[in-house]
Amino acid sequence: MVGYGIQSMLKDGHKHLSGLDEAVLKNIGAGRELSAITRTSLGPNGMNKMVINHLDKLFITNDAATIVNELEVQHPAAKLLVLAARAQQEEIGDGANLTISFAGELLEKAEELIRMGLHPSEIIIGYTKAINKTLEILDDLVEKGSENMDVRNREEVVLRMKSAVASKQFGQEDVLCPLVADACIQVCPQNPGNFNVDNVRVAKLVGGGLHNSSVVRGMVLKNDAVGSIKKVEKVKVAVFAGGVDTSATETKGTVLIHSAEQLENYAKTEEAKVEELIKSVADSGAKVIVSGAAVGDMALHFCERYKLMVLKVSSKFELRRFCRTTGAIALLKLSRPNVDELGYADYVSVEEIGGARVTVVKNEEGGNSVATVVLRGSTDSILDDLERAVDDGVNTYKSMCRDSRIIPGAAATEIELAKRLKEFSLKETGLDQYAIAKFGESFEMVPITLSENAGLGAMEIISSLYAEHAAGNVKVGIDLEKGACEDASIMKIWDLYVTKSFALKYSADAVCTVLRVDQIIMAKPAGGPRPPQQGDI
């Protein structure tokens, strides 16, 4: 039977959902389900999630960006929230959880408004007005004088970094923040706007505890030196990307040897050639050879003879960082390097840390552009989570190099936004005033979630916060340890303005995109059965 309506246009097996119940509310439901997963991980007392991905790799973390990436979300509406969180992670490096959780709360409030009889278009207009007003209010809440900051002042850096690191590793921030701050300040370029997060590396070594962690001004390679020389100081370094071995010819050839004497001479010629190459490297003044590929036995023998230390770095990315650390230029084939192609290192040594042999390359003098945070912990899962906390700290440093303004943390900003947006909604006359009021109400999600995750009574804390803010104390937030309201400036809990503003903006954009959808049309999957053709039996 020939289909009618939209069925007559599309292939067999397609799905077509339309209208409020089938499309809009289903999309809202998917967004809410996703945010329910990440919400319990929000804040310093957030719970961890155990995620086992399709490769059977285990993740135990409260980092929302890692959780949603490994879940591989398929629902198209929920995917929009994941993309918003990913944009936040790439742009700022922190605040992905706030993006998803706040978007889920906005969708929940939108569902209430739709059931009250508002059209999605009116909700979108209200939400757009509300986010614009939110960004205006955020400008008012910025701490005076915080825009002028010395990014090389360790105390100011730790102050701004603390809340980002504490949200991943609560209780460890006093140990981690100074480590991350030292590493970032060491590699900060002349113009802080050019700070590159890739210049702060993390070396994870199982064993010991977090208090054994340290910062190395240079690189830590997780492998041993190839030869017998394990330690050199104040040396020049030659880097060969193509490896240290006899080079094979590009064309194949056959050598015909008639006697044992000819064979001996042929072997000697090869040996002499390798010795000549290694000697030329040694004569250039280099004391360390770094190979990007294999190191031949014969080449290693002559390196030992000429007292050259040999390191092998198989990753081309690590090799590039090594060149940045030492100032060397990677050469494609084994040959005598020029003076300007050599790098310099103060100290290259093989050390044993927690049973693992690592090569430490230090450059204490100026001109070094790579620093490494050596993390110690009892298991790989703990080290992975510590690495995520360090990444958040480094990304926060990059953001503060761009915009150092800070706003009160500990949910003080959210309650003030909720209060002011509700006041703003009363001045509006159209139906969108309900959407603006609900947008303001959504901010209560942050203090409620922080309280619940810390095991506190959410309703009491919310009412105390509103009372304090109504009295004009705009910096009052939640002290999760005491379970009471406290001034954020006394607790020294500050959030970066740029992190908060981007997270709220991305959330509102994603929610408006989801609400604009009124029909879902899924074409037939490509791998499905072939429809019957003319001539088929």
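The values are calculated or read from the model by the stated rules, or taken from the named source; none is laboratory data. A quick note: this is a predicted structure, and the numbers were derived from the prediction, not measured. Here the Cβ is made from the backbone with ideal geometry for all residues, glycine too, and neighbour counts use every protein chain on show. With ligands, DNA and RNA removed, areas are computed over all heavy atoms of the protein, side chains included. Shrake-Rupley method; radii C 1.70, N 1.55, O 1.52, S 1.80 Å.
The lone criterion from (1) in a helix (DSSP H, G or I); (2) within 24 Å of ALA78 (Cα to Cα) left unmet by ASP139 is number (2). Residues that are in contact with a Cys (Cβ under 9 Å, 6 or more places away or on another chain) and open to solvent by less than 70 Å² (accessible area, probe 1.4 Å) within the stretch 327-365 comprise ALA330, GLY343, listed in sequence order.
Filtered by the rule that a residue be out of contact with any Phe, Trp or Tyr (no Cβ under 8 Å at 6 or more places or on another chain), surrounded by fewer than 22 Cβ atoms within 10 Å (Cβ to Cβ) and more than 28 Å from GLY207 (Cα to Cα), the stretch 381-408 gives ARG402, SER404. Scanning the stretch 282-304 for residues being without any contact (Cβ under 8 Å) to a residue 12 or more places away in the chain and more than 41 Å from the chain's Cα centre (by Cα) gives a total of 1. Looking at this structure, is VAL232 in contact with a strand residue (DSSP E or B) (Cβ under 8 Å, 6 or more places away or on another chain) and hydrophobic (A, V, I, L, M, F, W, C)? Against the criterion (in contact with a strand residue (DSSP E or B) (Cβ under 8 Å, 6 or more places away or on another chain) and hydrophobic (A, V, I, L, M, F, W, C)), VAL232 qualifies. The lone criterion from (1) touching a Pro at 6+ places or on another chain (Cβ under 6 Å); (2) free of Cβ contacts under 8 Å to residues at least 24 places away in the same chain left unmet by LYS482 is number (1).
Being buried (at least 24 other Cβ atoms within 10 Å of the Cβ) and at negative phi is true for just one of LEU118, LEU81, LEU113. Which residue is that?
Only one candidate qualifies: LEU81.
Within the stretch 425-455, the set of residues being surrounded by fewer than 17 Cβ atoms within 10 Å (Cβ to Cβ) and closer than 19 Å to ALA166 by Cβ comprises GLY455 only. Every condition in (1) in contact with an Asp or Glu (Cβ under 8 Å, 6 or more places away or on another chain); (2) assigned by the TED database to the domain that holds THR40 is met by ASN453 except one, and the failing one is (1).
Conditions tested, residue by residue: (1) touching a residue at least 40 places away in the same chain (Cβ under 8 Å); (2) more than 23 Å from GLU452 (Cα to Cα).
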| site | (1), (2) |
| --- | --- |
| ASP384 | yes, yes |
| ARG388 | yes, yes |
| LYS398 | yes, yes |
| CYS401 | yes, yes |
| SER404 | yes, yes |
| GLY409 | yes, no |
| ALA412 | yes, no |
| GLU423 | no, yes |
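The criterion of at least 3 residues that are buried (at least 20 other Cβ atoms within 10 Å of the Cβ) is met by the following strands (runs of 3 or more DSSP E) wholly inside the stretch 194-243: 200-206, 218-221, 231-240. For ILE67, the stated conditions hold: it is open to solvent by less than 10 Å² (accessible area, probe 1.4 Å), outside the structural domain of LYS168 (by the TED database), part of a helix (DSSP H, G or I) and not charged (D, E, K, R).
Scan the stretch 31-49 for residues that are open to solvent by 20 Å² or more (accessible area, probe 1.4 Å) and assigned to a helix (DSSP H, G or I) and the total you get is 5. The criterion of at least 3 residues that are more than 33 Å from the chain's Cα centre (by Cα) is met, among helices (runs of 4 or more DSSP H) falling completely within the stretch 405-482, by 412-427, 432-442, 458-470.
Residue pairs whose Cβ atoms lie under 6 Å apart, separated by 6 or more positions or on different chains, with the first residue in the stretch 177-202 and under 22 Å from GLU155 (Cβ atoms) and the second surrounded by 18 or more Cβ atoms within 10 Å (Cβ to Cβ) and of a type in the set (Phe, Trp, Tyr), are CYS184/TYR397; CYS188/PHE195. Condition first: open to solvent by 80 Å² or more (accessible area, probe 1.4 Å) and not in a helix (DSSP H, G or I). Can you find one or more residues in the stretch 274-281 that meet it? No: zero hits.
When the stretch 476-503 is filtered for residues that are in contact with a Leu (Cβ under 9 Å, 6 or more places away or on another chain) and under 22 Å from LYS144 (Cβ atoms), the ones remaining, listed by number, are VAL476, GLY477, LYS492, TRP494, TYR497, THR499, LYS500, SER501. Per the conditions (1) within 34 Å of the chain's Cα centre (by Cα); (2) at pLDDT below 80; (3) of a type in the set (S, T, N, Q), the sole criterion not satisfied by THR246 is (1).
Scanning the stretch 169-193 for residues that are open to solvent by less than 30 Å² (accessible area, probe 1.4 Å) and touching a strand residue (DSSP E or B) at 6+ places or on another chain (Cβ under 8 Å) turns up LEU179, VAL180, ALA183, CYS184, VAL187.
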